[in-house]
Each structure stands twice: as C-alpha cells, then as structure tokens.
Amino acid sequence: MKILLVEDDRATYTLLEQALAAHYQIEVATDGRSALALAEQETYDLLILDLGIPQVDGLQVCQQLRSQNDQTLILLLTAQDQASDRILGLDAGADDYVVKPFHLPELLARIRALLRRGRFTAAATHLTWGAIEYNGLTHEIRYGGQRLRLTPKEHRILELLLSNPQRIFSRSTMIDQLWELGDPPTESAISSHIKAIRQKLKAAGAQQDLIETIYGFGYRLRSIESALPHAGVAEPTAGSDPGTVTSNALPETQDTTEAATLMAELWERFRDSFQAEIASLEAIVQQFQTGALPAHLRQEAQRTVHKLVGSLGVYGFSQGSKLAKQIADLLHADIWLTDTEMAQIATLIKALKQQLSQPPPSVQSYSAPIQPRPRVLLVSHDPELTASISLPTLSRSLQITIVPHPTDSNLDFDQGLPEVILLDLTDLATQTACLAWLEMLAHNYSQIPVLVLIEPNSLSIRLAATRLGARQFLTKPISTTQILQSIDRVLSPRSQADSRVLIVDDDSAMLEFLSHLLTPWGLEVVTLDEPQRFWQVLVAVSPDLILLDLEMPQISGLELCEVVRRDAQWGDLPLLVVTAHTDADSLQQAFAAGADDFITKPILGPELVTRVLSRIARTQLRGRHRTLTIGESDQ
C-alpha cells in the first residue's frame, strides 16, 4: 500500500516515515502545493495530512482533492484541539483525524482501521490483465474474448483484483471492501468464491491459476511475465492461512516496541533541533519588554511553539507539550503582554528547557482512552422526571446524579463539578430554595450551564431564573430525547463549535484586533485584507456571518453588501458593517445596501461580541424553526 505523508515538521515526519516504511510505501511532502501535485501524479491508498502545513493548508488540500472527486482516504493530523477544527476537517472530506500530540501506537491503529474500511471503486471503464478484460460500461468480464459466467459476488472479487493487480488482498480485506457491514460472508466463503473463479477461468482457456495465493498474506493476480509462483514467496506450511495478513500491515503487538525503539533513536538525532527551537523562542521573548509584540516576531514565536506542542508530545514529553501549549495560549491571549505574562512565559521556557535536559520517557503500552461520560446533576422531586432521566438511553451516555433538593446532604461539589445542571422549578414547595441555590451557582459556579425545568405559562419564574443566570428553559412535560438534545446543545453549542465569521477590512491591525476579540468566544475567524478576493474567500469559507468595514479602497463595504444581497445562495447571510460615520444618511445607505446591523468606531469590544453572537444565534434559531416547520408540513 502507498501512503503520502504531508507534514512540515521534520522531527514528526521522520518518526512517522520510519515507523511506516517497513510496512507501506511512503512518500513525503512538506507543503500543500507539493502534496496536491503528487496526488495528481500518483495514486495513494491513504493521505496523512497535517492541517498546519505551509503554502496551501491541509484543509484546502482536503477540499481541493474532494472537489476533484479524488476519494483517497485522508487522515488529518492537527494540533488544534477545538471541536470546530475537527468538524471543519471532516466537513472538508477527511475520513478521520488524530489530534497532536498523538500517541504513535494509536496513530498506527487508526491507519490500519482506515485502510481496512476503504471501499473499492472502479475508476476505469476498461481494465485488462493479460487475456482478462473488464468492460465497465457493460460490466462484463471476458477471458480471451469469451464472457465469464460469474455470480455477482465472484464478479466483484475479480473486478477488485483487476483494479489493483499488484496488490495482495486478504480475505478479511475483501469482505471489508466488497460487502456491506450488515451482510458479510464468512472468510471460508471467500476461499470458495476464489476457487470458483479459478475454475471458470480455466474452463475459458487459462492454462494456469491466474489468481495467485500468497501464503500468509492473501490473494492477487498472477504476474503476466511469469507463470511461476511469485519469487520469494514461501511454500505453504501446516496451518498457514492464505487469507490472513501477517506482514503487509503493522502488527498491533509490535507497535509499542517499534515506537519505543524509533523514539530512542530519533531523539538522539533531533535533540539539538528541539533545543534550538526553544532557544529561538527564548531569543524572541527577550527582544522586547512589556508592550506589543511585533507581528513578525509573534508569528515566528507562534509557529515555533505550535511545532513544539505537537512534536514534544509525539516523542513522549507530554509535560513538555503542556508547557508549550501554555506558552501558545499566552502568545494568543492578547495583543499586549503584561509584565506578569512576560514572567510567565520566561518561567515556562525555563521549565521546558529542564524537561528536555532529561531523556525521553519510555513509551507506555497503549490502550484506547475511555472517554468520560458528561456528568449531569438533576435537582428535582418529580418521580416521573427522575424515572425518565434514569432510563438506559440516557444513563449509557451520561453520568447522572439525582437529588430531590438543593440542600441535600449528598450534594458535595468538592467531589467533582457536574458539566450540566438540570434544576426543576415547577414544585412550589421548593421553588424559593431552588432560586436561592441558583443565585449561589451564579456567584460561585457560573461556568456550569443550568437548564431550568418550568411550567408552560410561568413568565415570572422565567424572569427570575434569567436574572440569576439560567442558560436555557425546558418546558414540562419533556421527553428523554428532548433532554438529551438540550444537554448536547449546551455541551457543544453550535455557535461556539463551528460558527465562522469572515471579517473584511483593509487595515491588518484592525483585522488582528477583531480576530483576537472574537476568537476566545469559540468562533472561527477568517480575515481578509484584500476586498478583491472577497467572493473567492466567501465561497471557500462559507461563513455564518460577515463583518465588513464600509470604507475600503477600490471596493467599498457598501458594494460588497449589495453583491451579497443580490445572490440567491448567500442573500440571507447576516451582514454587520463597521463605520465611523453615524449620521442618518450614512446609516440609511448601509441598511439600504443590505446591512443587518452596524457597529460604530471606535469599537467597543463587549458591544461587538454581543452583536455578533446574538445575530448568529438568531440566524440558527430561525434555521431550526424553518427545519421544524418543513418537517411538520411533510408529515
């Protein structure tokens, strides 16, 4: 099998190249442009694609390949641990992702799983292998001009072999690629199909077995040049299974040993480069005192620390990776760095150097991490509600604690905070105590979202709970499905998981300011300082909201508003304009051009964030309502 590895960090791609080279044919590209060129010239079974590569980033590579109907399997590597980054990658067409710093045995297991899941699609309309011919238009397979009378399953097996004549397929791989999960045959049935195909080829005039058994590996078409068994193939031994892959994929039991050996060898090779990167980062920090980081230094520091976050973790320095991540957070935190933040960065760099003065930790045996179930606290005295939330459909995916009253002695937050609280305010006897408890939560645990259960007509309770920080209201009676959906929404709200904002302004300083202002709120921010490229970026990004500066050279924000509003696809997109002119005529022109709202300069951060988030939320609510209305009308 052939894999294209696209990664610009030398320490990481060297480790992966050596880990995979003994089992797969590996080619390496260090930028997106080279990756696209190679993908056009060669056929690969898998692309391992880092998102943060130069020239053309991994997301664009993925999108371009899929737009060209290239169905090569794609495994993304990303140092971004936000859900939005993973969603963007999967939406762009990736088949799976691994977050850096990854654990090498886990990555190898993901690669094996992806290659097993790959589905066969015949790209050619006419295939030949010696005297065997396949016509993709008529779906006929002939030998020496004579049509073979094959069953549908035999036809699919031979078509698969013809499309990949040099590749060895195990019986399990044939099952994975040719049969649906709900109706797989047994592996012995594959052997029977192979035997039947051989017999039909022989009856059509074949003088030898054209399907070759590679013992310990599987089956493939026999070489045209020779009628002899494949050179170097061992003779069958007692108990050998021709349908079992034993060395054309990475043996899982060898992963940990191979990873440990590789890391020990490569650490000696890359120790100096890691230390040089840390020294470079330290030198950048020492070039300035309290104040703004120059853009080029900030970018260089961010690139360096980005590499360290991923590669240190890969080489076993999990603590070093965490230290680098803390530095990255400080560098992204604000345009200005305070004395305290500068001191924190210096301390973290010192700790990072200390980490790398030690040999790399040994690779621990790998076991797939068990994802913890979200913890949910229900405060209610309603027996029907507590019974419904205790059903297996919820308890399998959630850790649920139920208490009848907020002052219950079993309620101890010192034992661990819940991710979500469900608070029942429908019981008049406990309403006052529950509201007092909600006030305590707002002061001490404001980070915990509280979903309040209420009666249908209860405006006064809604107002009281809203003032005390309630996140969402659920009206009783309520189904378990509705409860689960509400919990999912607050744990992974769309506005903070995958909403994109496109900001268009010719002032790069303003773009950086707006980006830093909005990014901490979970928004993916794309900036554009060339209005001439607006439509190209709009189509590529597909934003949820556009923020436009009205006064730009060559193309004004008003003109872009009008262009968007006249488009059938993008006409409903929320448009917010930024302007220094607040006179009635200017604002009237903005609204006439199609703006939904305006923000005046100088920009107040809280106002901008509130307007952007509320506009996105309203748009999503309108979309959900439209979906429900359509669904109801269809019934």
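The values are calculated or read from the model by the stated rules, or taken from the named source; none is laboratory data. The structure displayed is predicted, hence computed values, not measured ones. All Cβ positions, even for glycine, are placed from backbone atoms using ideal geometry, and neighbour counts span all protein chains on display.
Of the residues that sit in the stretch 314-330 and are more than 11 Å from Leu356 (Cβ to Cβ) and among the hydroxyl-bearing types (Ser, Thr, Tyr), which one is modelled with the highest pLDDT? So that I can check it myself, show each step before the final result.
Taking the stretch 314-330 first, the residues more than 11 Å from Leu356 (Cβ to Cβ) are 314, 316, 318, 321-322, 325-330.
Next, only the ones that are among the hydroxyl-bearing types (Ser, Thr, Tyr) stay: 318, 321.
On the way: Ser318: 74, Ser321: 78.
Residue satisfying both the conditions and the ranking: Ser321.
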Starting from residues that are touching a residue at least 40 places away in the same chain (Cβ under 8 Å), in a strand (DSSP E or B) and not charged (D, E, K, R), keep the ones in the stretch 502-542 and report whichever is farthest from Val609 (Cα to Cα). Val504
Suppose the filter is within 18 Å of Val501 (Cβ to Cβ), among the hydrophobic types (A, V, I, L, M, F, W, C), exposed (fewer than 14 other Cβ atoms within 10 Å of the Cβ) and modelled with pLDDT of 50 or more; does Leu613 pass it? no
Only one of these is touching a Ser or Thr at 6+ places or on another chain (Cβ under 7 Å) and under 23 Å from Phe274 (Cα atoms): Pro54, Pro105. Name it. Pro105
Could you please tell me which pairs satisfy a Cβ distance under 9 Å, a separation of 6+ or placement on different chains, a first residue in the stretch 420-438 that is part of a loop (DSSP other than H, G, I, E, B), and a second residue that is basic (Lys, Arg)? Thr426/Lys476
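Looking at Arg462, is it within 18 Å of Leu423 (Cβ to Cβ), surrounded by 13 or more Cβ atoms within 10 Å (Cβ to Cβ), of a type in the set (D, E, K, R) and modelled with pLDDT of 85 or more? Show your work before the answer.
Details: within 18 Å of Leu423 (Cβ to Cβ): yes; surrounded by 13 or more Cβ atoms within 10 Å (Cβ to Cβ): yes; of a type in the set (D, E, K, R): yes; modelled with pLDDT of 85 or more: yes.
Yes, satisfied.
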Restricting attention to the stretch 547-604, and to residues there that are modelled with pLDDT under 80 and of a type in the set (A, V, I, L, M), which single residue is surrounded by the most Cβ atoms within 10 Å (Cβ to Cβ)? Leu587
Leu228 versus (1) at pLDDT below 85; (2) over 39 Å from the mean Cα position of the chain (by Cα); (3) closer than 22 Å to Thr43 by Cβ: which is the lone unmet condition? (3)
Please list, ordered by first then second residue, the pairs with beta carbon atoms under 8 Å, 6 or more apart or interchain, first in the stretch 460-473 and on the phi > 0 side of the Ramachandran plot, second in a strand (DSSP E or B). Gly469/Val450
